[in-house]
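The values are calculated or read from the model by the stated rules, or taken from the named source; none is laboratory data. From a predicted model like this one, the values you see are computed outputs, not experimental measurements. Cβ atoms come from the backbone with ideal geometry, glycine included; neighbour counts cover every protein chain shown.
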Amino acid sequence: MSIKSDRWIRRMANEHGMISPFEEKQVREGVISFGLSSYGYDLRVADEFKIFTNVHSTVVDPKRFNPASFVDVKGDCIVPPNSFALGRTVEYLKIPRNVLTICLGKSTYARCGIIVNVTPFEPEWEGYATLEISNTTPLPAKVYANEGLCQVLFFESDEECETSYKDKGGKYMKQPAQIVLPRLD
């Protein structure tokens, strides 16, 4: 398994629609950077967020998640202290069958106590990725819409997997342009 370079990512985006929309180079001026980097791609967070709230004093249960635990916000997002928000990528991703990705938060946000968690994008997964944004600080934290939030790294295997995410009918396959909450299927 090897990490893929900017040349490979550019080719896969242009020829196979792996990332759409695709930014050929890093956009940096006046924004938290996004676009193609040396060995990855910096994804943007869209302008819609679900901010966690404890107004209803519900238990966070991944098997019976209560959508009322979130407040919807459009535009930039202020994540409350010691809380989290969900967002989604601006980019639509189509992961090849012999590729696995790892997504990590950007250092600009990490240096402010804002941690981004995204599970790996499995072979043949596609969709808009739902992003979990944690504010680990005791202060409100700002997240900028339509700017870079996380970087995805692409690892290509020497052989194709036996069973891809698409083959097993993964429950988060082809996520639409909206934030997808936890579910059991």
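Results, tabulated for the structure shown:
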quantity: From the options V73, V152, V90, residue that is farther than 21 Å from G17 by Cα, modelled with pLDDT of 95 or more and either buried (at least 18 other Cβ atoms within 10 Å of the Cβ) or β-branched (V, I, T) (or both); calculated: V73
quantity: In segment 161-185, the residues that are assigned to a loop (DSSP other than H, G, I, E, B), under 27 Å from G35 (Cα atoms) and not basic (K, R); calculated: S164, Y165, Y172, M173, P176, A177, Q178, I179, V180, L181
quantity: Condition broken by R97, with the remaining ones in (1) assigned to a loop (DSSP other than H, G, I, E, B); (2) in contact with a Gly (Cβ under 8 Å, 6 or more places away or on another chain) satisfied; calculated: (2)
quantity: Selection status of E160, crowded, with 18+ Cβ neighbours inside 10 Å, of a type in the set (D, E) and either under 24 Å from D6 (Cα atoms) or at pLDDT below 95 (or both); calculated: no
quantity: Any pair with Cβ under 9 angstrom, 6 or more apart, that starts in segment 95-111 at a residue that is buried (at least 16 other Cβ atoms within 10 Å of the Cβ) and aromatic (F, W, Y) and ends at one that is outside any strand (DSSP E or B) and at pLDDT 95 or above; calculated: Y109/I32
